[in-house]
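For reference, the structure discussed in these notes is given below.
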Amino acid sequence: MAHLCGLCLALRGDHGQFARVVTNYDGLLISVLTEAQASRVGADGWRRTAGPCPLRGMRTASVAQGEGARLAAAVSLVLASAKVRDHVADGDGLLARRPVAVAARRVAASWGRAGERGGAAVGFDTAVLVDAVDRQVGIEALAGPGTPLTAVTEPTETATAAAFAHTAVLAGRPGNAAPLAEAGRLFGRLAHLLDAVEDRESDAAAGAWNPLTATGTPLTEARRLADDALHGIRLALRDVEFENGRLAHRLLAHELEQSVDRAFGTRTCGHTPAPQGAFGPPTGPYAPQGPADPHAPGNPYGGNPFGGEPPRPGKRGFWAGCAVAIGLCCTCQVCCADEFEGPWSRKKREGWCSDGCDCGCGDCCDGCGCCECCSCDCSC
């Protein structure tokens, strides 16, 4: 929650109140990774006490700040800008109306420029993200039966690799750049894969493009790629020098595994059936579809690695989803409800404070979560 609020406040501070709507969970991983690598010397500089906020029940809170949160904000803006442009091009919902489409294009352009400025302020060239988004369109247009699924996920992989690697620069640990780039590349692949799996049936019903259908990739092959990505992320994290990597490890090693289980309808945590439901954002690798617990709404890139359930009809448009998201937050349903309906996807989501795993792994492993009952091979 500290990183989620930190991302939201960084967006407001650098880019204005309206920019806060692009807050997303995948983006906050950048803030988590930056702080996890940072030296404890001067650690207070990575946190501050924020004032009361309606989304926290008018309570103060310790929130993340600094370059990690600002990089997360810049990345989120650039990818959200691309997502809005896609919605406009597809004529989704209200965006099919010319006046609304014109306004949305202006918002997207503004977010794109703001993200570019924000990235430059922390030494990150957002051009790699823009290039990845632009290449995605051409790759999808050329993809057909027999096209390797990894060719379709490559732009997402490239974008997330660049963002993850730059956290090492911000934290002053350049030696971590290579393994974090590898972890980011595989995270992007996983985000794209899980988004495709979750939307496969709804895309088919709507006649929308889906990478699994377009390339003729069976679910067994998609699962193999997902499991390989999970294993690769864990191996890459072993080579990263963290100051305190418990949260990053929990999100990228354990929560991702549960997300894969949910998406494919298999068992999670070695004990209980995977819950039907998880998070996705406005619709988007690092793409999110739209907001530090990985079961949340958001991924401006195009995939949500923290979610999955049978498709539900009637997805909301971008603006309608934003309105519903604000209502959910203001009524505290997002954090306090056991389950609620995703504002954009209408999928069932777990409240942030709900705990999908009750196997007690944290108790038997000094809070690391690595133990036999979770079948974790990350050897922390």
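Over region 66-208, calculate the relative contact order: mean separation of alpha carbon pairs under 8 Å at least 6 apart, over the residue count, as a percent.
Answer for region 66-208 is 20 percent.
Of Val84, Thr23, Ser62, which is farthest on the positive side of the dipole of region 1-101, counting Cα position, with +1 on Lys and Arg Cβ, -1 on Asp and Glu Cβ, and the Cα centre as origin?
Result: Ser62, furthest along the dipole toward the positive end.
For region 236-257 and region 1-76, what is the centre-to-centre distance using only Cα atoms, to the nearest Å?
19 Å
Go ahead and run the numbers for FRET between Thr49 and Ala120, Cβ-Cβ distance against an R0 of 41 Å, rounding to 0.05.
0.90
Taken together, the values in this text are just the output of simple stated rules run on the coordinates, not laboratory data. Values in this document were obtained by computation on a predicted structure and should not be read as measured data. Glycine gets a Cβ as well: all are built from the backbone with ideal geometry, and neighbour counts include every protein chain shown.
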